[in-house]
Structures are given as structure tokens and as C-alpha cells.
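The values are calculated or read from the model by the stated rules, or taken from the named source; none is laboratory data. Keep in mind that this is a model prediction, so the values were computed, not measured. Note that we place each Cβ from the backbone using ideal geometry, even for glycine, and neighbour counts take in every protein chain shown. Each accessible area value is taken on the protein alone, full model and side chains, heavy atoms only, with ligands, DNA and RNA left out. Shrake-Rupley method; radii C 1.70, N 1.55, O 1.52, S 1.80 Å.
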Amino acid sequence: VEQLATEAQVHEPDATPTALLAAMAAHRLRQFDRRDRWLSGLREAPGEVGLAARLLEAECLLEQGLHTDALAAIEPVLRSNRRNLRAQQLAYRIFKACGRWEDLLRTSRLLVNRNMVEDPDFEATVAEAYRILIARRAQAVQHIWLLWRNATPREMGQIEVIKALAQGFSRAGAPTHARSLIEDALQREWRGELVQLYAELFYSQPLSAVKALEPW
């Protein structure tokens with residue numbers, strides 16, 4: 001493919017699709033210098049040409065394990081073309097690889113709204129984002145409260161997200177928030193794991209906990 005692309009450019013030097021195909025072919029051959037040369041003249045091009053080149057470059061760099069470089073390649077696209085769903089899908093993967101969890105949550109919500117989620121481990125990744133963000137500021141009740149306030153109904157339907165928030169509130173010295181969170185979830189749906197967590201967090205108040213559990 002790359003050889004044919006080189007020959008084709010003799011006859012049509014400005015053929016953007018040819019250059020993009022050649023860059024991808026060079027990447028598959030792990031000829032990264034040649035890939036970058038193919039892309040170098042396209043990155044700053046206006047309109048769809050520059051967009052296509054930056055998306056391909058970011059995806060190649062991500063596959064290569066250069067997560068920071070991939071993020072740098074796609075950031076101009078995210079600033080200028082937020083509605084591009086392909087860019088958002090790629091950004092989600094880069095944020096996941098880089099551990100940019102707040103950015104990942106924001107991007108994941110956009111993809112959910114557009115029904116464009118590709119990650120087979122999406123729910124586990126979202127729950128992991130909550131756990132890490134809560135652990136980073138374990139004593140900051142306000143931080144955990146903001147995470148909870150910004151959570152979507154879909155996220156609050158995940159048992160692992162509820163558990164992460166409840167445990168975070170409890171460790172941060174806000175047991176009332178933790179208890180309300182679990183009770184609200186149990187009002188919506190009986191879940192054995194949440195009952196177990198309820199018992200672990202409120203074992204010192206057995207009578208009131210049992211009274212709450214009986215009607216459920």
C-alpha cells in the first residue's frame with residue numbers, strides 16, 4: 001500500500017486519502033518515522049484534511065503507547081470541533097490510558113447521550129474513575145458531594161458507583177450522606193451487595209438499620 005501510494009503521488013501530489021493510507025500502512029509496518037513524514041504535511045491543513053490527519057496521528061500514537069503525545073495530537077481537535085464524535089471516542093480511549101478520569105467522565109456522558117459508546121468495559125471503567133477520584137481526595141466531603149451531584153442517572157444505576165460514593169462519604173466523615181445514598185438505591189431496587197454494605201457501614205446502629213430494612 002505504501003509503495004503504491006508513493007507511486008500515486010507522482011501523478012497526484014495533493015491526494016490526501018493516498019497520504020493517509022500510506023501513513024496508516026507505514027504505522028502497521030512499525031515504520032514510525034515514515035508514518036510521521038506522511039502526516040507532516042497534513043496536520044496543519046484546514047478543514048477535514050487536517051482533522052483526518054490529527055485523528056489518525058492520535059490513534060497511531062495511542063496504539064504505539066505514547067499516550068501523552070496522543071493527547072497532544074487530539075487536543076486541538078477537541079478545542080475546535082467538540083461535536084466530532086469520532087474525536088470524542090478517541091479522546092475517551094486516550095483519557096482512559098492517561099488516567100485523566102475527570103475528562104473521561106465528561107466524555108463518557110457525551111458518548112452515552114449520542115449512543116456512541118464502544119468500550120466493552122465501559123461501566124467498569126466509569127466505576128474505576130469514581131473510585132480513583134474519590135481516593136485522591138478521601139477527606140474532602142465537598143469533592144465527593146460534587147461528584148455525586150454531577151453523576152448521571154445511568155451512573156447512579158451502577159452498583160459499583162453507588163458503593164464508591166457511599167464508602168467515600170463514610171470515610172470522609174459524612175455517614176448521613178452515605179446512608180441516604182444507599183437507602184435511596186434500595187428504595188429503587190433491592191440489591192444484596194448494597195444491603196451488605198449498609199450493614200458494614202452502620203453496624204453501630206443496628207436497631208435503626210433493621211427498621212429501615214424491614215419494609216424493603
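Tabulated values for the structure
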item	result
Residues being open to solvent by 40 Å² or more (accessible area, probe 1.4 Å), touching a helix residue (DSSP H, G or I) at 6+ places or on another chain (Cβ under 6 Å) and β-branched (Val, Ile, Thr) - total across region 163-216	0
Residue in region 32-42 that is among the hydrophobic types (A, V, I, L, M, F, W, C) and in contact with a Phe, Trp or Tyr (Cβ under 6 Å, 6 or more places away or on another chain) present	no
Elements of type helices (runs of 4 or more DSSP H) in region 8-82, at least 2 residues being among the aliphatic types (A, V, I, L, M)	16-28, 47-64, 67-80
Pair list, Cβ < 8 Å and 6+ apart or interchain, from region 83-110 residues that are among the β-branched types (Val, Ile, Thr) to residues that are open to solvent by 40 Å² or more (accessible area, probe 1.4 Å)	Ile94/His67; Ile94/Arg100
Meets criteria (more than 24 Å from Thr16 (Cβ to Cβ) and open to solvent by less than 50 Å² (accessible area, probe 1.4 Å)) for Asp103	yes
Number of the condition not met by Leu39 [criteria: (1) surrounded by 14 or more Cβ atoms within 10 Å (Cβ to Cβ); (2) of a type outside the set (Val, Ile, Thr); (3) within 24 Å of Leu147 (Cβ to Cβ)]	(3)
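Here is a yes/no grid of residues against (1) modelled with pLDDT of 95 or more; (2) open to solvent by 40 Å² or more (accessible area, probe 1.4 Å); (3) within 22 Å of Val117 (Cα to Cα):
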| residue | (1), (2), (3) |
| --- | --- |
| Glu44 | no, yes, no |
| Glu48 | no, yes, no |
| Leu61 | yes, no, yes |
| Thr68 | no, yes, no |
| Ile74 | no, no, yes |
| Arg82 | no, yes, yes |
| Leu85 | no, no, yes |
